[in-house]
Each structure stands twice: as C-alpha cells, then as structure tokens.
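**Q** Okay, here's the structure, questions in a sec.
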Amino acid sequence: MKNQYLYAILAACLMALIFSAATWAEGENLADYHAGMNGCESCHANEEPSADGAYEFEQCQSCHGSLAEMDDNHKPHEGMLMCADCHAVHDVNVGDKPTCEACHDDGRIAK
C-alpha cells in the first residue's frame, strides 16, 4: 500500500516537471527565465551589466559549473570563451542551442 502512494507521488512529480518545462521554455528567452529566479541580479551586480562580462560569467558558473565540468561541446572552450559568447541570453529562447557553425564551419576554427 505504501509503495502505491509513493509511485503515485513520483508520477505526479514527474508530470509536473514535464508540464513546467514545456511551459517555461515556450517563447521565453534565457534572460527572462533567469530573472524569474532573483530578478536581474540573478546575473548582474546591481541590475547592470558589467563592462567585460566577467561577473555574469561567474554567475553562470556558480549554477552550471565551469566549462571544463560540462559536456564535450563545452570543455574545449575552457579559458577561451565566456557563456555569453555563444549563448546570447537576451536574444535566445530557452532550449535553443547556439550556432557552433558560426565559428567552426567557416574554416576559421577546426571542429
């Protein structure tokens, strides 16, 4: 009997997670999604962008980890790029992937 309740609760949580992921991802850009957590200060000090983007990069890493800790697409960029170099947070929607071809398929940078 206890297992039935546990399975029902787990199934309800899974459905809520699936529904919420579909809801927030639809048409919401990354900046709005992150601002929903703690306002603009989720990413910016005093709600203003830093001059060099370093503060924002630190904020990304505080939640998502360093590039070296991420998947194989991110690891080679450690020490060379910041998140916003590829993820245009005010322009790109949640779930959209950056266009790697902008640098890699035009012959400037090897894959």
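**Q** In a solvent-free Debye calculation with one equal scatterer on each Cα, what is log10 I(q)/I(0) for the range 25-65 at q = 0.21 Å⁻¹, listed in the order of the q values?
**A** Debye curve over Cα of the range 25-65, log10 I(q)/I(0) at q = 0.21 Å⁻¹: -0.65.
**Q** Give the accessible area for D52 in Å² (nearest 10); use a 1.4 Å probe, count only protein heavy atoms, and leave out ligands, DNA and RNA.
**A** 100 Å²
**Q** Ordered by residue, what ³J(HN,Hα) values in Hz, to whole numbers, does the range 74-90 give under the Karplus form 6.51 cos²θ - 1.76 cosθ + 1.60, where θ = phi - 60° and Gly and Pro are x?
**A** Values per residue, Gly and Pro as x: 8, 3, x, 8, 4, x, 10, 10, 10, 3, 5, 5, 10, 9, 6, 4, 8 Hz.
**Q** Which GluC sites (Glu not before Pro) from the range 52-84 combine a DSSP loop assignment with at most 16 other Cβ atoms within 10 Å?
**A** For GluC sites (Glu not before Pro) across the range 52-84 that sit outside H, G, I, E and B with at most 16 neighbouring Cβ atoms in 10 Å, the list reads E78.
**Q** Mind putting together the pair-distance distribution for the range 23-96? All Cα pairs, 10 Å bins, whole percent per bin, short to long.
**A** 19, 51, 29, 1
**Q** Whole-Hz ³J(HN,Hα) for each residue in the range 47-53, computed from phi via Karplus 6.51 cos²θ - 1.76 cosθ + 1.60 with θ = phi - 60°, x for glycine and proline: what do you get?
**A** Ordered by residue, 3J(HN,Hα) equals 6, 10, x, 6, 5, 10, x Hz.
The values are calculated or read from the model by the stated rules, or taken from the named source; none is laboratory data. What you see is a predicted model; the values in this text were computed from it and never measured. Counting neighbours? That spans all protein chains shown, and the Cβs are built from the backbone with ideal geometry, glycine included. Ligands, DNA and RNA are stripped out before the accessible areas are found, and what is left, the full protein with its side chains, is counted by its heavy atoms. Shrake-Rupley method; radii C 1.70, N 1.55, O 1.52, S 1.80 Å.
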